[in-house]
Amino acid sequence: MAGSSHGHTPAAWTGVTISFIGFCIAGVFMVAANPLGFWAGMGVTLLGGVVGLAMKAAGLGLPEPKVIRAQAPAATPVKPAPAEATAAS
């Protein structure tokens with residue numbers, strides 16, 4: 001994985017950081033038996049994904065790879081064998 005650039009963008013780091021903070025908030029409120037705080041933390045977690053996607057759409061994510069399609073060579077018509085060549089065999 002060291003050779004790839006998977007996730008090394010501002011969009012990825014920001015989205016994951018916000019989601020991690022939301023996860024921590026939800027965890028604290030879950031232990032404290034506070035459902036409202038738990039769901040608020042889950043909302044922050046989802047917000048991290050939305051922010052990451054918005055930043056990617058703004059150009060701060062990894063660019064999409066360009067697909068290069070090879071074109072097949074043009075088909076050449078097959079010429080029928082002359083009648084004399086087939087009769088001699």
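Taking Cα pairs under 8 Å and at least six residues apart, what relative contact order does the range 1-68 come out at, in percent? Working shown, then result.
Values: 76 pairs, mean separation 27.0, N = 68.
For the range 1-68, the relative contact order is 40 percent.
Quick one: if you stick a label point 7 Å off each Cα along the C-beta vector at residue 32 and residue 69, how many nm between them?
The two pseudo-label positions are separated by 5.6 nm.
Since every read-out is calculated from the coordinates, none of them should be taken as a lab result. Predicted model only: the values in this text are computed from it and were never measured. Glycine gets a Cβ as well: all are built from the backbone with ideal geometry, and neighbour counts include every protein chain shown.
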